[in-house]
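Presented below is the structure to which this report refers.
The values are calculated or read from the model by the stated rules, or taken from the named source; none is laboratory data. Here the structure is a predicted model, which is why all the values come from computation and not from measurement. In this analysis, Cβ positions are derived from the backbone assuming ideal geometry, glycine residues included, and neighbour counts consider all displayed protein chains. Surface accessibility is based on the protein's heavy atoms, side chains included, excluding ligands, DNA and RNA. Shrake-Rupley method; radii C 1.70, N 1.55, O 1.52, S 1.80 Å.
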Amino acid sequence: MVLVRKPIPIEEAIQKLAAESKQLSTETIYLEDSFGRVLANDLYASHPIPSYTRSPYDGYAIPSISTSKAGKGHSVFLKIVGTVGMENEWRGTIKEGQAVKVMTGSPLPNGADSVIMTELAKVVERPGGKYIEIRRPVSKGENVSQIGEDIKENQLLVKKGTVLNPGIIASLATFGYKNISVTRKPKIGIIAAGNNLSNLEEPLQFGKVRNSNTYMLIAQCKRCRTDSYNFGQIGNQLNNGIDKIRSALNETDVIITTGGISVGDDDDMPKIYEELGAKVLFNKIAMRPGSITSAAVIQNKLLIGLSGNPAACYVGFELFARSVIKMMLGQLKPFIKRTQAILHKDFPKPSPVTRFVRGKVSFCDGKIYVEPSGKDKSNMVSSLLESNSFIVLPAGTKGYSAGSLVDVLLLEDEDGNEQWL
Ligand SMILES: Nc1nc2c(c(=O)[nH]1)N[C@H]1C(S)=C(S)[C@@H](COP(=O)(O)OP(=O)(O)OC[C@H]3O[C@@H](n4cnc5c(N)ncnc54)[C@H](O)[C@@H]3O)O[C@H]1N2
Ligand code: MOO
Ligand SMILES: [Mg+2]
């Protein structure tokens, strides 16, 4: 039987996958383990920052009015009556003509409304004690950090669906969020199909290739900040493949296969879908490479069938599996970041369907440039070495010359897009 394959538009494939990629349950983790995890609920500021009026400098807290007569060759002298920010902390109310030594971050003592930096206040001995000499008027509020000037109480700090990065983690720690609720990571099972695959440690035999895709996919899952499980390889025995996928289903949320998805004699994946009773969502997409990327659903779990050809497998993962994982993680922006760049080299090939060329983005003089990162064949692995992006060339275009503005998808970006387009 010849398998009928009707190519569907990329957007439709994305929609079909989105319908099957519901957000997973949540779990509570320690803040120190939260880097790269996705926040499961909105978090608010439980108090203002700063929570007290404080000095941003080492210096002297003073009543500014005491300096009004300083300037034009005239100094004023304020008596140092204590120090804040030390063990024997001074706790009084500063009067006119007085100053209290403060450290960066110290609370401003009562009676003070400004701070003069150490460098601008010369300490002098005078009858009755130590004084600071001030040569210019200091205005009210000068060098004072006001309550809530950084973050207001009850302000929304971080939206649910945000990927936690060091800056966000710092903000959450500021409010004492020791435990936080995040979406659990989807468990991705990886299976390589193919008769001619050898393990990495085996000496290479004629007609065989090493199973590089499994390692690529593990790393791609990591880049999506989720965990993958290597279920090894399946050869050309149909039952073996069916059993392996069945048992992997019990331990995973999504199974990604690579290889065996096309129309060759040993391409068993379509038969495996059929034998398993999986509902096929699509088995061809109008794009290159990765046109035979397929997806099916069984026991409410997604099977994503990627090409065996390394570059097509890579592209299929980034365009589809990546978004599936991010949707399951409840990410606000599950789609790959798209921007525009100036093509640095000619790309003369026409594109009858949308083409994703492995690209290398670089930045120069405030502009974004992109060039193909190597030979553009889906069975080639070399173009992946330097690829950090895909150049998107729309269907029906006849090739591009250097200098043209093209769309690019940024693979290393963690922020993402809310929409596919
Ligand atoms: N008559 C047709 N032939 C092919 C078509 C077609 O439409 N009609 N589609 C081509 C396209 S496009 C692609 S892409 C490939 C897809 O092939 P499969 O997904 O069936 O993959 P395999 O046949 O198993 O292997 C293809 C190729 O990739 C190498 N490979 C496979 N697995 C791995 C792995 N884990 N690590 C590294 N390399 C792997 C394998 O050695 C083969 O060279 O089909 C075209 N053919
Ligand atoms: O469309 Mo196949 O998946 O390269 O190159
Ligand atoms: Mg094949």
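Considering only the stretch 154-212, state which residues are assigned by TED's automatic domain parsing to the domain that holds Cys224, farther than 25 Å from Arg225 by Cα and of a type outside the set (A, V, I, L, M, F, W, C). If the condition is that a residue be assigned by TED's automatic domain parsing to the domain that holds Cys224, farther than 25 Å from Arg225 by Cα and of a type outside the set (A, V, I, L, M, F, W, C), then Gly194, Asn195, Asn196, Ser198, Asn199, Glu201, Glu202, Pro203, Gln205, Gly207, Lys208, Arg210 are the ones that fit.
For the stretch 184-200, the set of residues classified as touching a residue at least 24 places away in the same chain (Cβ under 8 Å), over 30 Å from Asp42 (Cβ atoms) and not in a loop (DSSP other than H, G, I, E, B) consists of Gly189, Ile190, Ile191, Ala192, Ala193, Leu197, listed by residue number.
Suppose we keep only residues that are over 30 Å from Gly161 (Cα atoms) and acidic (Asp, Glu) within the stretch 225-265. Which one would you say is farthest from ligand 1 (Cβ to nearest atom)? So, considering only residues that are over 30 Å from Gly161 (Cα atoms) and acidic (Asp, Glu), the one farthest from ligand 1 (Cβ to nearest atom) is Asp243. Of all residues in the stretch 383-410, those being surrounded by fewer than 12 Cβ atoms within 10 Å (Cβ to Cβ), without any contact (Cβ under 8 Å) to a residue 60 or more places away in the chain and not hydrophobic (A, V, I, L, M, F, W, C) number 4. Listed by position, the strands (runs of 3 or more DSSP E) enclosed by the stretch 9-128 that each have at least 1 residues that are open to solvent by 30 Å² or more (accessible area, probe 1.4 Å) and of a type in the set (D, E, K, R) are 26-30, 76-83, 98-102, 122-126. Here is a check on your reading of the model: is Phe363 crowded, with 20+ Cβ neighbours inside 10 Å and either at pLDDT 95 or above or not assigned by TED's automatic domain parsing to the domain that holds Ile218 (or both)? Considered against the rule, which asks whether it is crowded, with 20+ Cβ neighbours inside 10 Å and either at pLDDT 95 or above or not assigned by TED's automatic domain parsing to the domain that holds Ile218 (or both), Phe363 comes out as no. Note on the stretch 345-368: residues that are of a type in the set (Ser, Thr, Tyr) and over 22 Å from the mean Cα position of the chain (by Cα) total 2. Candidates Gly148, Gly128, Gly85: the one that is among the small types (Gly, Ala, Ser), more than 30 Å from Arg225 (Cβ to Cβ) and more than 45 Å from the chain's Cα centre (by Cα) is Gly128.
Within the stretch 411-421, the set of residues being farther than 20 Å from Arg37 by Cα and open to solvent by less than 50 Å² (accessible area, probe 1.4 Å) comprises just one member, Trp420.
Residue-wise test of (1) of a type in the set (D, E, K, R); (2) more than 16 Å from ligand 3 (Cβ to nearest atom); (3) assigned by TED's automatic domain parsing to the domain that holds Leu302.
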{"position": "Val324", "(1), (2), (3)": "no, yes, yes"}
{"position": "Lys345", "(1), (2), (3)": "yes, yes, no"}
{"position": "Pro348", "(1), (2), (3)": "no, yes, no"}
{"position": "Arg355", "(1), (2), (3)": "yes, yes, no"}
{"position": "Gly374", "(1), (2), (3)": "no, yes, no"}
{"position": "Val381", "(1), (2), (3)": "no, yes, no"}
{"position": "Leu393", "(1), (2), (3)": "no, yes, no"}
{"position": "Lys398", "(1), (2), (3)": "yes, yes, no"}
{"position": "Leu421", "(1), (2), (3)": "no, yes, no"}
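Counted as qualifying within the stretch 329-382 are the strands (runs of 3 or more DSSP E) with 2 or more residues that are in contact (Cβ under 8 Å) with a residue 40 or more places away in the chain, namely 337-343, 354-364. Testing Asp413 on (1) touching a helix residue (DSSP H, G or I) at 6+ places or on another chain (Cβ under 8 Å); (2) part of a loop (DSSP other than H, G, I, E, B), one condition comes back false. Which one is that? In the conditions (1) touching a helix residue (DSSP H, G or I) at 6+ places or on another chain (Cβ under 8 Å); (2) part of a loop (DSSP other than H, G, I, E, B), Asp413 misses (1) alone.
Taken together, the residues in the stretch 201-224 that are more than 8 Å from ligand 1 (Cβ to nearest atom), in a helix (DSSP H, G or I) and open to solvent by 50 Å² or more (accessible area, probe 1.4 Å) amount to 4. Keeping to the stretch 170-183, report how many residues are open to solvent by 60 Å² or more (accessible area, probe 1.4 Å) and either in a strand (DSSP E or B) or within 25 Å of Ile304 (Cβ to Cβ) (or both). Residues meeting the conditions: 1.
Does the stretch 301-314 include one or more residues that are at positive phi and open to solvent by 20 Å² or more (accessible area, probe 1.4 Å)?
As a first pass, look at the stretch 301-314 and keep what is at positive phi: none.
The answer is no, given that none of the residues of the stretch 301-314 is at positive phi and open to solvent by 20 Å² or more (accessible area, probe 1.4 Å).
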